[in-house]
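Worksheet: the structure to be examined is printed underneath.
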Amino acid sequence: LETIPPLPDLLPLYYRRLFPFSQYYRWLYYGGVQKNYFQNREFSFTLKDDIYVRYQSFSSQAELEKEIQKMNPYKIDIGAVYSHKPNQHNTVKSGTFHALEKELVFDIDMTDYDDVRTCCSAADICSKCWTLMTIAIRILDRALRDDFGFQHLLWVYSGRRGVHCWVCDEAARKLSVAARSAVAEYLTLVKGGEETVKKVVLTDPIHPFIRKSLDVVEKYFTDYAHEQAILGHNKSVDKVLALVPEDILFIVPMHLHIFSGDDKKQQYFQEEIMLQYCYPRLDVNVSKGVNHLLKSPFSVHPKTGRISVPIDLKELDKFDPFAVPTISLICEELDQPRTGEKESEDKKEKENENNATERRKIRDYKRTSLAKYVKYFDQFLDGIACTWKGELLKKSGML
């Protein structure tokens, strides 16, 4: 059973000494290319006892830090960039306050796979079903980069049972609701609710996007099907058989033989089964809306205590959600005795008191398991910076 972490004790320490505010601000400021981009961004806080505070906004990194350290939110959500400062939305003339831009976002939650996973259900996950998240990231990341041309994709572990993707390219942030819907529809293959038995239907010829998605699924499918024992007992065998066209199903006692027919409609049933079991299941509504809120990276999951950390795709197959640091762990790591090297850093720091607070914060998270995730976030931000610096140079006529 999950033990709920003592958040009231730990959050003040986390926000005071570990939360990566400078990187966070650097991300959402986007180089200041667009005026008031950070100032007009909505943040929403969930406080103790599920008190929900929307339309928070901040004029600077210092103000954001001060307010978060004062309120110690259990959860932080990020919303859109609005036409006016969100914290003044009540004073704006009626009908003029509206969402202008936001990253294109995707939310994949393991509970949406409950009809095809046998190991866990509801909020529970394990290494056997986590493969579904790996497949989802591989398929969507490739499609968003190759088919749509986006470059700056931040994949984040939700802290419990899912992943989020933030597409941060300027072109993605400016997409209309209609365009976001079109991207989400393009990426959706598994259709129909609980009452729909067959949720994937392919037509001839198979679209190149589906073919490339199948290439990803096929790499993982054999091991996944074996681990989930999808032909291991009667109930799961029946589920698979329900997806096989009747006229090409021939059952011999004690053996299952599936013969392919010639009918075009039936020739892809094996691919359809693989996709129904493994293709990413998106919450399309999250992606469609510009003003939809999504849990912030580096927020703490209130039930598990795990930090919502960015995922390095170079290490994706090794990513273990159970190895992601909890707030309890990183706060404990802060209390570990200092080494000689750290003490010499302290002396240097005292020589320059001006930046002491910021420097101490950098030093503090580097002493914990959070360090590698912040380092990866920094690398991601370097990539975005290269792009907006190039844009600024173009605008100034220097390129």
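At a glance:
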item: Boolean, residue 101 is of a type in the set (Asp, Glu), under 29 Å from residue 390 (Cβ atoms) and either modelled with pLDDT of 95 or more or in the same structural domain as residue 368 (by the TED database) (or both); result: yes
item: Total residues in segment 162-202, condition open to solvent by 60 Å² or more (accessible area, probe 1.4 Å) and in contact with a helix residue (DSSP H, G or I) (Cβ under 8 Å, 6 or more places away or on another chain); result: 6
item: Residue within segment 104-126 that is farther than 30 Å from residue 229 by Cβ and without any contact (Cβ under 8 Å) to a residue 12 or more places away in the chain present; result: no
item: The listed residue being within 30 Å of residue 240 (Cβ to Cβ), of a type in the set (A, V, I, L, M, F, W, C) and surrounded by fewer than 17 Cβ atoms within 10 Å (Cβ to Cβ), out of 62, 122; result: 122
item: Qualifying residue in segment 132-150 (condition: in contact (Cβ under 8 Å) with a residue 12 or more places away in the chain, closer than 25 Å to residue 223 by Cα and open to solvent by 30 Å² or more (accessible area, probe 1.4 Å)); result: yes
item: Condition broken by residue 80, with the remaining ones in (1) open to solvent by 10 Å² or more (accessible area, probe 1.4 Å); (2) out of contact with any Phe, Trp or Tyr (no Cβ under 8 Å at 6 or more places or on another chain) satisfied; result: (1)
item: Test for residue 175: is it touching a Phe, Trp or Tyr at 6+ places or on another chain (Cβ under 7 Å) and part of a loop (DSSP other than H, G, I, E, B); result: no
item: Residue within segment 31-42 that is open to solvent by less than 50 Å² (accessible area, probe 1.4 Å) and in contact with a Cys (Cβ under 6 Å, 6 or more places away or on another chain) present; result: no
item: Selected residue (criterion: modelled with the lowest pLDDT) from residues of segment 324-356 that are closer than 19 Å to residue 10 by Cα and assigned to a helix (DSSP H, G or I); result: 334
item: Residue match in segment 34-43 (condition: under 27 Å from residue 283 (Cβ atoms), touching a Ser or Thr at 6+ places or on another chain (Cβ under 8 Å) and modelled with pLDDT under 95); result: no
item: Members of segment 20-44 found to be out of contact with any helix residue (DSSP H, G or I) (no Cβ under 7 Å at 6 or more places or on another chain) and under 15 Å from residue 295 (Cβ atoms), listed by number; result: 24, 28, 43, 44
item: Which numbered condition residue 116 fails, given (1) open to solvent by 40 Å² or more (accessible area, probe 1.4 Å); (2) modelled with pLDDT under 95; (3) of a type in the set (A, V, I, L, M, F, W, C); result: (1)
item: Subset tally (residues that are without any contact (Cβ under 8 Å) to a residue 60 or more places away in the chain, out of contact with any helix residue (DSSP H, G or I) (no Cβ under 9 Å at 6 or more places or on another chain) and buried (at least 16 other Cβ atoms within 10 Å of the Cβ)) for segment 88-103; result: 1
item: When residues of segment 286-302 are limited to those that are more than 11 Å from residue 75 (Cα to Cα) and assigned to a loop (DSSP other than H, G, I, E, B), the one most open to solvent (accessible area, probe 1.4 Å); result: 291
item: Among residues of segment 1-24, those that are touching a residue at least 60 places away in the same chain (Cβ under 8 Å), assigned to a helix (DSSP H, G or I) and of a type outside the set (D, E, K, R), counted; result: 11
item: Members of segment 320-338 that are in contact with an Asp or Glu (Cβ under 8 Å, 6 or more places away or on another chain) and open to solvent by 30 Å² or more (accessible area, probe 1.4 Å); result: 338
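The values are calculated or read from the model by the stated rules, or taken from the named source; none is laboratory data. Bear in mind that the values here come from a model prediction, so they are computed numbers and not experimental data. Glycine also receives a Cβ, built like all others from the backbone with ideal geometry; neighbour counts cover every protein chain displayed. Just so you know, the surface numbers come from the protein's heavy atoms only, side chains and all, with ligands and any DNA or RNA stripped out. Shrake-Rupley method; radii C 1.70, N 1.55, O 1.52, S 1.80 Å.
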